[in-house]
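In what follows, a structure is listed as structure tokens, so that the remarks can point back to it.
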Number of protein chains: 2
Amino acid sequence: MKGRRGFQQSAFTLTDVAREAGVSEITVSRVIRAKGAIAEETRRRVEAAIRKVGYVPNRIAGSLASAGSDLIGIIIPSLGNIVFPDVLRGLHDAISGRGFRAVVSVTDYRLDAERDLVRALLSWRPAALIVTGCEHEPDSRHMLAHAGLTVVEVMDIDGDPIDIAVGMSHARAGRETAAFLLGRGYRRFGYVGHDLERDLRARRRREAFLATIRQAGASLAGEVIVPGPSSVPAGRTALAALRDAHGGIDAVYFSNDDMAIGGVFHCMAAGIAVPASLAIAGFNGLDMGQALPQPLTTVLTRRYEIGRCAGQAVLDRFDGLAVPAATDVGFELLPGATA
Amino acid sequence: MKGRRGFQQSAFTLTDVAREAGVSEITVSRVIRAKGAIAEETRRRVEAAIRKVGYVPNRIAGSLASAGSDLIGIIIPSLGNIVFPDVLRGLHDAISGRGFRAVVSVTDYRLDAERDLVRALLSWRPAALIVTGCEHEPDSRHMLAHAGLTVVEVMDIDGDPIDIAVGMSHARAGRETAAFLLGRGYRRFGYVGHDLERDLRARRRREAFLATIRQAGASLAGEVIVPGPSSVPAGRTALAALRDAHGGIDAVYFSNDDMAIGGVFHCMAAGIAVPASLAIAGFNGLDMGQALPQPLTTVLTRRYEIGRCAGQAVLDRFDGLAVPAATDVGFELLPGATA
DNA sequence: TTGAAAGCGCTAACAT
DNA sequence: ATGTTAGCGCTTTCAA
């Protein structure tokens, strides 16, 4: 159980099993992969031998010999934002039944880190690579486009897919939220967001939101952008700051539900009537927001579905089926009760 | 970009790079791994050749030759419960800087699924395997104990570690929560939980909680256990059900913060004064609960820290350093304002 | 500082 | 139904 490097482990190989069972290696290999015809009696002997020596196949050797791994690389910006575990969950549910394994890497929203991870994961010759969003460094795009494997870009379909894209239009979500709030009669808007340099999808929602309210002759009366990642406490303090700095705002668009729920909590604590004095809208449709005494006005995103579709696309491609270049899983505006 | 099976990709090998640079394969290999002495001039030529052909190393071949991968297998019960992404985040932060990659698998809280995943991940000859909890099927334990690699059991230190355990005592957390509520004068308790057949740690907290209140002469006046996973909506409806069925309860222990926050929302919506009419306690110390108008009474768990320590243990073992068999990251009772 | 030879443990292709 | 042969692309000796 020591092993300075940690990996000599089960020293047994196919050869040992074959000797034990009195057959050739390839026969053992066939039994293990359930491939080719094997006599019932032989299979039993081989299986007994496998159990006897406690043989664990070596997929590194197997993958090298067969020129293919059952690994699927996935590169996401963060594990701290609940949306990515949700995507991962969907992906995992789709692929694990077929024996694929997810190798997970995190960029922390840095495209240069993404480039390095693309290279690192490609070196494992995965069956597919799943990346987040449609913005990548030219190097990344080039590697992905020429690696000769299935590439799925998830979350976002506002760009030009390298291979396959599965997601939704964040621009459209921003527009529709703006239209909804305008329709409810709000005119003096605030925005509360988190680090937009890095969260490119939140940025796109904000831009589309602003364009839409301006087109309608309404204005952005003020905004607060916190430097770090989104969180409930950040949303809570940011809304307090926004109200301190700017009067007369009647509706606030938050970069996502975490931030918006923080905003709702601030209003509860400060005795601000929602939506009478202030309307609040978020993005994602988290359970939590819908379980609030007043359900949050937000956009329900299908994160799990994105992961599941991405996984299915990988399987379909693997099976030689045609896969559309872009799949829009859509979204749903939840009117809620905070706007 | 097709590739029926998705993995012939960058057809270039070391041999191609070597030919291009006019050196032998091993020299290219040395340049790539920055191992052994290389003349400056040679290095430059090799690097140029690598860039020219767009060579991506094949770590499958490399791992086979060097008898070791830089993969770390991780097996968790779920991605739906925020605690596991948190652990994953800590693990990732610890290991990714050293070039290790996490291969993630999910058991859905089934120990038989865990067994299969242990076998599947061992077949990748990972540098280490990280599993959740201290309860495993005998087969799993046996494979893990004899695989000759670093094994870390995370979350829980209430058992007998296979190799290394990093976590906290859930029994102690249950006891201390009970002691805290007893100290505040509560005597008629309720419990609201989720699927305890599967979440063994939640079960252990509950048992320790019950033992403690009984020892103090208090009683469990009623409980509601919802069948599925924990969630805010589940906690909300379960508390409503508990209050319908049982009168006179003055404090409710929830299986975790998600459930407890749902309970708080129910009280808000139903006009139940917290903690005057009903006290609420959770487990995990999620941000969300602490950002509530009344911060939740709960136990702060160090999930990120567990992942980070587990990763560090793997690195230390890899570096030949001694690693303690059990690391207790501890927890902290947050008094909050709901009890 | 560089290279030649010999595998790592498995599977594809071709027998038998 | 089973076996033989020849690698997969790299790294580890061991030489030079």
Checklist entry - Yes or no: B:Arg302 in contact (Cβ under 8 Å) with a residue 40 or more places away in the chain, crowded, with 24+ Cβ neighbours inside 10 Å and among the basic types (Lys, Arg)? => result no
Checklist entry - Residues in the range B:57-77: is at least one under 18 Å from A:Gly80 (Cα atoms), within 7 Å of another protein chain (Cβ to nearest Cβ), more than 16 Å from DNA strand D (Cβ to nearest atom) and at pLDDT 95 or above? => result no
Checklist outcome for this item: Exception for A:Ala94 within (1) in contact (Cβ under 8 Å) with a residue 40 or more places away in the chain; (2) closer than 20 Å to A:Val118 by Cβ; (3) away from DNA strand C (no atom under 16 Å from the Cβ); (4) of a type outside the set (Asp, Glu) falls at (2)
Item to check | Residue, surrounded by the most Cβ atoms within 10 Å (Cβ to Cβ), within the range B:194-204, restricted to residues that are out of contact with any helix residue (DSSP H, G or I) (no Cβ under 6 Å at 6 or more places or on another chain) and either assigned to a strand (DSSP E or B) or among the charged types (D, E, K, R) (or both) | outcome: B:Asp199
Checklist entry - Does any residue of the range B:42-52 turn out to be surrounded by fewer than 23 Cβ atoms within 10 Å (Cβ to Cβ), touching a Pro at 6+ places or on another chain (Cβ under 6 Å) and away from every other protein chain (no Cβ under 11 Å)? => result no
Checklist outcome for this item: When restricted to B:Gly90, B:Gly80, B:Gly68, the only residue over 19 Å from A:Trp124 (Cβ atoms), under 27 Å from the mean Cα position of the chain (by Cα), among the small types (Gly, Ala, Ser) and in a loop (DSSP other than H, G, I, E, B) is B:Gly80
Item to check | Output for the range A:296-325, where each listed residue is in contact with a helix residue (DSSP H, G or I) (Cβ under 7 Å, 6 or more places away or on another chain) and either of a type in the set (Asp, Glu) or within 10 Å of chain B (Cβ to nearest Cβ) (or both) | outcome: A:Tyr304, A:Glu305, A:Gly307, A:Val314
Next on the checklist: Tally up the residues in the range A:176-193 that are touching a residue at least 40 places away in the same chain (Cβ under 8 Å), part of a helix (DSSP H, G or I) and not acidic (Asp, Glu), please.
Outcome noted: 4
Checklist entry - Out of all the residues in the range B:29-54, which are within 11 Å of DNA strand D (Cβ to nearest atom), farther than 22 Å from A:Arg115 by Cα and not basic (Lys, Arg)? => result B:Gly36, B:Ala37
Next on the checklist: Against the condition hydrophobic (A, V, I, L, M, F, W, C), in a helix (DSSP H, G or I) and within 14 Å of another protein chain (Cβ to nearest Cβ), how does A:Ile261 come out, does it pass?
Outcome noted: yes
Checklist entry - If we scan the range B:249-270, do we find a residue that is free of Cβ contacts under 8 Å to residues at least 60 places away in the same chain, on the phi > 0 side of the Ramachandran plot and of a type outside the set (Val, Ile, Thr)? => result no
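Residues checked against (1) of a type in the set (Lys, Arg); (2) in a helix (DSSP H, G or I); (3) on the phi > 0 side of the Ramachandran plot; (4) more than 11 Å from DNA strand C (Cβ to nearest atom):
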| position | (1), (2), (3), (4) |
| --- | --- |
| A:Ile26 | no, yes, no, no |
| A:Arg30 | yes, yes, no, no |
| A:Ile38 | no, no, no, yes |
| A:Thr42 | no, yes, no, yes |
| A:Arg45 | yes, yes, no, yes |
| A:Ala48 | no, yes, no, yes |
| A:Lys52 | yes, yes, no, yes |
| A:Tyr55 | no, no, no, no |
Next on the checklist: Taking the criterion of being at pLDDT below 95, out of contact with any helix residue (DSSP H, G or I) (no Cβ under 9 Å at 6 or more places or on another chain) and in a helix (DSSP H, G or I), would at least one residue in the range B:11-22 satisfy it?
Outcome noted: no
Checklist entry - Scanning the range B:289-320 for residues that are at pLDDT below 95 and hydrophobic (A, V, I, L, M, F, W, C), which turns out nearest to B:Leu149 (Cα to Cα)? => result B:Phe318
Checklist entry - Does A:Gly6 meet the test of being modelled with pLDDT under 95 and crowded, with 19+ Cβ neighbours inside 10 Å? => result yes
Checklist entry - Where residues in the range A:90-99 are among the hydrophobic types (A, V, I, L, M, F, W, C) and more than 10 Å from chain B (Cβ to nearest Cβ), which of them is nearest to A:Val166 (Cα to Cα)? => result A:Ala94
Checklist entry - In the range A:248-265, is there at least one residue being closer than 24 Å to A:Val83 by Cβ and surrounded by fewer than 23 Cβ atoms within 10 Å (Cβ to Cβ)? => result yes
Next on the checklist: Only one of B:Asp250, B:Asp257 is within 22 Å of B:Gly193 (Cβ to Cβ) and over 25 Å from the mean Cα position of the chain (by Cα). Can you tell me which?
Outcome noted: B:Asp250
Item to check | Looking only at the range A:266-291, and only at residues there that are assigned to a helix (DSSP H, G or I) and crowded, with 21+ Cβ neighbours inside 10 Å, the one that is nearest to the other protein chains (Cβ to nearest Cβ) | outcome: A:Met288
Next on the checklist: What are the pairs with Cβ atoms under 7 angstrom where one residue, in the range A:26-52, is under 16 Å from A:Thr15 (Cβ atoms) and the other, located anywhere, is within 7 Å of DNA strand D (Cβ to nearest atom) and among the hydroxyl-bearing types (Ser, Thr, Tyr)? Sequence gap at least six, or different chains.
Outcome noted: A:Thr27/A:Thr42; A:Val46/A:Thr27
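Residues checked against (1) at the interface with chain A (Cβ under 10 Å from one of its Cβ atoms); (2) surrounded by 23 or more Cβ atoms within 10 Å (Cβ to Cβ):
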| position | (1), (2) |
| --- | --- |
| B:Leu88 | yes, yes |
| B:Arg101 | yes, yes |
| B:Val106 | yes, yes |
| B:Glu114 | no, yes |
| B:Trp124 | yes, yes |
| B:Arg141 | no, no |
Checklist entry - Take the residues of the range B:19-28 that are within 20 Å of B:Ser66 (Cα to Cα) and surrounded by 18 or more Cβ atoms within 10 Å (Cβ to Cβ): which is farthest from DNA strand D (Cβ to nearest atom)? => result B:Thr27
Checklist entry - Are any residues in the range B:164-175 assigned to a helix (DSSP H, G or I) and under 23 Å from B:Pro324 (Cβ atoms), and if so, which ones? => result B:His170, B:Ala171, B:Arg172, B:Ala173
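The values are calculated or read from the model by the stated rules, or taken from the named source; none is laboratory data. The shown structure was predicted, so the numbers you read here are calculated from the model rather than taken from an experiment. In this analysis, Cβ positions are derived from the backbone assuming ideal geometry, glycine residues included, and neighbour counts consider all displayed protein chains.
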